[in-house]
Amino acid sequence: MLDGLSVIYPYAKAFHVMAVISWMAGLFYLPRLFVYHAERGQGGEPAASFTIMEDKLLRLIMNPAMIATWISGLSLVLTPGMVDWSMIWPWTKAAGVLGMTWFHMWCAGQRRHLLGGQGLSGRRYRMMNEIPTLLMALIVVSVIVKF
């Protein structure tokens, strides 16, 4: 079974990169929608528009992309001989991916808070929007430098 992963490794890696790009696009854009929702969507038509955009982005793009990222990433990790677990980089990447998953879940929770009128301020969402950038930098440096 695990030897079969070696055969599909390049395809799994390509699929993984595409899934990560889709997931990251959503992780960058959803908090920006939260900023607009918090600052301009205080009821009526603007709030309804933001709610629809947030819902579709999360359900139709981000959730499937996160699942595809995890599945393809696990297939890469399970491929024999591809990861040297005695090095630091797989662990820092794993920490970054767990952080990214936490942020995804936090965004899903914030969407529910905004629906209930209990969201954060636009300024706070702007600050939180920097988290995926920091995690992305950690993950990319870990994978490329392999320290």
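One table, with the values for the structure above:
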{"read-out": "Any hit, the range 30-42, residues being in contact with a Gly (Cβ under 6 Å, 6 or more places away or on another chain), among the small types (G, A, S) and surrounded by 14 or more Cβ atoms within 10 Å (Cβ to Cβ)", "value": "yes"}
{"read-out": "Residue ID - nearest to F28 (Cα to Cα), chosen from residues in the range 108-135 that are touching a Phe, Trp or Tyr at 6+ places or on another chain (Cβ under 9 Å), in contact (Cβ under 8 Å) with a residue 60 or more places away in the chain and of a type in the set (A, V, I, L, M, F, W, C)", "value": "M128"}
{"read-out": "Scope the range 97-107; condition in contact (Cβ under 8 Å) with a residue 24 or more places away in the chain and either exposed (fewer than 14 other Cβ atoms within 10 Å of the Cβ) or closer than 20 Å to E39 by Cβ (or both); matching residues", "value": "C107"}
{"read-out": "Check on T69, under 24 Å from V7 (Cα atoms), within 15 Å of the chain's Cα centre (by Cα), modelled with pLDDT of 95 or more and of a type outside the set (F, W, Y)", "value": "yes"}
{"read-out": "Checking D55 against (1) over 21 Å from the mean Cα position of the chain (by Cα); (2) loosely packed, with under 14 Cβ neighbours inside 10 Å; (3) touching a residue at least 12 places away in the same chain (Cβ under 8 Å); (4) closer than 28 Å to Q118 by Cα, the condition it does not meet", "value": "(1)"}
{"read-out": "Whichever residue in the range 108-130 is touching a helix residue (DSSP H, G or I) at 6+ places or on another chain (Cβ under 7 Å) and assigned to a loop (DSSP other than H, G, I, E, B) and, among such residues, is surrounded by the fewest Cβ atoms within 10 Å (Cβ to Cβ)", "value": "S121"}
{"read-out": "For M87: the one exception among (1) surrounded by fewer than 14 Cβ atoms within 10 Å (Cβ to Cβ); (2) closer than 24 Å to R59 by Cα; (3) modelled with pLDDT of 95 or more", "value": "(2)"}
{"read-out": "Flag if A19 is modelled with pLDDT of 95 or more, within 15 Å of the chain's Cα centre (by Cα) and among the small types (G, A, S)", "value": "yes"}
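The values are calculated or read from the model by the stated rules, or taken from the named source; none is laboratory data. Remember, predicted model here, so these are calculated numbers, not experimental data. We place every Cβ from the backbone using ideal geometry, glycine too, and count neighbours over all the protein chains shown.
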